[in-house]
Amino acid sequence: MCFGSCARSIGYKLLVLALLCIVANILLYFPNGETRFASEHHLSKYVECLHGILGGGFLVLLAAAVFIGLHKECCGCAGQEACGKGCVVLSSVLAAFVGILGSGYCIIISALGLSQGPYCFTTVGRNWIYPFTESSGGYLLEYNKWSQCQEPQNIVQWNVTLFSILLVLGGIEFILCFIHIISVVLGGICGLCSHHEETYVC
């Protein structure tokens with residue numbers, strides 16, 4: 001399979017995943033579809049890290065755009081085949097590293113957001129706090145304690161669902177970018193790209 005075709009396939013997958021990350025992060029800003037909590041700054045600090053919009057979103061979109069564009073220059077760059085192969089390999093590896101950084105950021109912040117829990121108005125202290133901070137994520141299995149959060153309504157379910165989705169999406173993005181780097185390295189070591197053929201294999 002042509003190196004560019006392989007990269008293009010990964011690029012389209014990353015494109016879809018990045019768009020899903022952006023949507024999931026935007027939804028975190030509007031619990032139950034309400035905007036007042038964002039305007040009043042009554043959201044978890046990890047929601048405002050933009051990990052799904054910037055990390056798993058735009059940075060991965062940049063990588064996806066490079067991968068998709070490589071298909072047009074599979075075995076040539078500015079009319080020079082040798083230049084083209086080096087140009088393609090270098091740009092694809094750099095793009096993959098950008099994707100790894102973005103998806104890694106998305107994974108880390110999502111995990112921290114799940115561990116800390118939501119910022120909400122509680123029945124206990126009658127104040128806006130992080131009621132599950134000390135549980136270190138243990139609250140995820142203690143469903144009976146979720147009702148401590150009165151506002152926003154169902155905020156625990158909302159945060160757990162969306163942070164979990166972002167964690168999974170970021171993980172898939174990370175794996176795809178890592179697979180691409182491995183395939184490029186193995187292709188170089190095994191000499192899969194000959195002088196006359198476009199034979200990088202994914």
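We did not get these values from a lab; they are worked out from the coordinates using the rules stated. This one's a predicted model, so the numbers in the text were calculated from it and none came from an experiment. So basically every Cβ, Gly included, is an ideal-geometry build from the backbone, and we count neighbours across all protein chains shown.
A few notes on this one:
- Kirkwood-type radius of region 3-190, with distances r between different C-alpha atoms, in Å: 17.8 Å
- Calculated FRET value between SER147 and ARG36, using beta carbons and R₀ = 30 Å, to 0.05: 0.90
- Highest-first packing order for the peptide set 50-61, 162-173, 32-43 is 50-61, 162-173, 32-43, based on the mean count of other beta carbon atoms within 10 Å.
- Taking all C-alpha pairs of region 5-46, those more than 14 Å from each other amount to 59 percent.
- VAL16 versus ILE129: modelled label distance in nm, points set 7 Å from Cα along the beta carbon direction: 4.5 nm
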